[in-house]
Each structure stands twice: as C-alpha cells, then as structure tokens.
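Report on the structure given below.
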Amino acid sequence: MIFYTPIPLEQVFQGIENVCCPEELAVGDMTLQFERLNHGEARVVRLISPRAEDYMNPAYMPGTVFRL
C-alpha cells in the first residue's frame with residue numbers, strides 16, 4: 001500500500017500502539033469480533049456470517065453491548 005500525504009508519518013500513526021485487536025467469539029455459523037469493556041461486558045465490533053439475515057438482527061449490530 002502506498003500512502004501519499006504531506007503530514008509526517010509520526011503524526012499520522014500517532015497512538016497506533018494503543019490500538020488493540022478485537023477478540024473473536026463463534027456463535028453457531030457466525031463470528032463476532034468484540035472488545036472487552038468493564039464489569040464483564042463486551043461491545044460488538046464486527047459480525048462475520050454467511051447468512052444475510054444475521055446482519056439484520058439488532059443483537060449482533062456493531063456497537064451493541066452484551067454480557068460475557
């Protein structure tokens with residue numbers, strides 16, 4: 001990938017070391033990527049599913065908070 005910018009790379013990638021990779025949880029045929037929050041809760045980051053109807057379920061919508 002080529003990244004053209006007049007901004008110095010130090011400024012572009014500032015804070016990149018604080019970014020963490022989301023964890024994954026298999027639920028049937030789906031894979032939920034989530035980030036842990038406080039008190040045993042997690043927030044959905046991404047849903048990966050072969051079925052289109054899973055994307056219409058508000059329980060799996062990115063940003064939804066659930067208990068682990």
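The values are calculated or read from the model by the stated rules, or taken from the named source; none is laboratory data. Values in this document were obtained by computation on a predicted structure and should not be read as measured data. Virtual Cβ from ideal backbone geometry, glycine too; neighbours counted across all protein chains shown. Please note that ligands, DNA and RNA were not included when accessible areas were found on the heavy atoms of the full protein model with its side chains. Shrake-Rupley method; radii C 1.70, N 1.55, O 1.52, S 1.80 Å.
Condition check ((1) among the basic types (Lys, Arg); (2) loosely packed, with under 10 Cβ neighbours inside 10 Å; (3) not in a loop (DSSP other than H, G, I, E, B)) across all residues:
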site	(1), (2), (3)
Thr5	no, yes, no
Cys20	no, yes, no
Ala26	no, yes, yes
Glu35	no, no, yes
Asn38	no, yes, no
Ala42	no, no, yes
Tyr55	no, no, yes
| Given (1) open to solvent by 100 Å² or more (accessible area, probe 1.4 Å); (2) on the phi < 0 side of the Ramachandran plot; (3) of a type outside the set (Lys, Arg), number of the condition Leu47 does not satisfy | (1)
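Examine the range 12-33 for a residue that is in contact with a Gly (Cβ under 7 Å, 6 or more places away or on another chain) and closer than 27 Å to Arg67 by Cα, and state whether such a residue exists. Write out each step before concluding.
We begin by selecting, within the range 12-33, every residue in contact with a Gly (Cβ under 7 Å, 6 or more places away or on another chain); these are none.
So far as the range 12-33 goes, no, none of its residues is in contact with a Gly (Cβ under 7 Å, 6 or more places away or on another chain) and closer than 27 Å to Arg67 by Cα.
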